[in-house]
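A short write-up of the structure that comes next.
The values are calculated or read from the model by the stated rules, or taken from the named source; none is laboratory data. Keep in mind the model is a prediction, meaning the values are calculated, not measured. We place every Cβ from the backbone using ideal geometry, glycine too, and count neighbours over all the protein chains shown.
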Amino acid sequence: MIITPARPDDLATLLAFREEAAGWLTELGSDQWSRPYPADRLMATIQAGTVFMVRDGDRTAATITLTSVPEQGLWTDEELSEPSVLVNKLTVARTHAGQNLGGQLLDWAGDRAYRAGAKWLRLDAWTTNEALQRYYLGQGFKHVRTVREGDAVNGGPRVSGWLAQRAARPTKAELTDAVPPSKSLEYWR
């Protein structure tokens, strides 16, 4: 499998991919991603070069977004002073579930973050999705805190306030990395 930057013509695939994931989450009893993601916002992240696709032949196997821009109200000023990369929208196709593709993507992201000079790979997860939280803990992330409505820094999140991080570290990727070196990440400051 190969990881590449997403292209504008991937928009429909990514929207369908997210819809598939939302349906699966609903079957599990979660309201995560129950609202459609705005296509214009997704296109903006594609054009910014922060969305990456895992391709298995002509099929999309997974996607991940890496950003240096934290959601307002989640991380403290002290935390934001540490160089970090944020994982968003990690999604694995149901056809590729159970193959540790999510873990491979997190390792790939941690390696890119490390090479960009980041100290941390951080994420926020759905506050009520305990299975997802356990998954991230199993991937070496440490729970930092859970930010709920009303207690957030600067106004805070709605439903995705379970914060976790793990050290950025070099990792030998199991995925074929076709992301140009010029797509290096800038970390939070």
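Overview of results
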quantity: Filter result (at pLDDT 85 or above and surrounded by 14 or more Cβ atoms within 10 Å (Cβ to Cβ)) within segment 175-189; calculated: Leu175, Asp177, Val179
quantity: Cβ pairs under 8 Å, 6+ apart, first in segment 1-21 and without any contact (Cβ under 8 Å) to a residue 40 or more places away in the chain, second buried (at least 16 other Cβ atoms within 10 Å of the Cβ) and in a helix (DSSP H, G or I); calculated: Arg7/Ile46; Pro8/Met43; Pro8/Ile46; Leu11/Leu42; Leu11/Met43; Leu11/Ile46; Leu15/Leu42
quantity: Residue in segment 95-136 that is surrounded by the most Cβ atoms within 10 Å (Cβ to Cβ), counting only those that are closer than 11 Å to Ala164 by Cα and under 12 Å from the mean Cα position of the chain (by Cα); calculated: Leu121
quantity: Residues that are hydrophobic (A, V, I, L, M, F, W, C), in a loop (DSSP other than H, G, I, E, B) and modelled with pLDDT under 90, drawn from segment 17-72; calculated: Leu28, Trp33, Val69
quantity: So Glu78, is it in contact (Cβ under 8 Å) with a residue 24 or more places away in the chain and not aliphatic (A, V, I, L, M); calculated: no
quantity: Where a residue in segment 41-59 is closer than 22 Å to Ala116 by Cα and surrounded by 15 or more Cβ atoms within 10 Å (Cβ to Cβ) and its partner, wherever it lies, is modelled with pLDDT of 90 or more and charged (D, E, K, R), with Cβ under 9 Å and at least six apart; calculated: Ile46/Arg7; Ile46/Asp10; Val51/Asp10; Met53/Arg7; Met53/Asp10
quantity: Pairs, first farther than 19 Å from Arg169 by Cα and free of Cβ contacts under 8 Å to residues at least 60 places away in the same chain in segment 81-92, second aromatic (Phe, Trp, Tyr) and in a loop (DSSP other than H, G, I, E, B), C-beta under 6 Å, six or more apart; calculated: none
quantity: In segment 6-16, the residues that are over 12 Å from Thr60 (Cα atoms) and not in a helix (DSSP H, G or I); calculated: Arg7
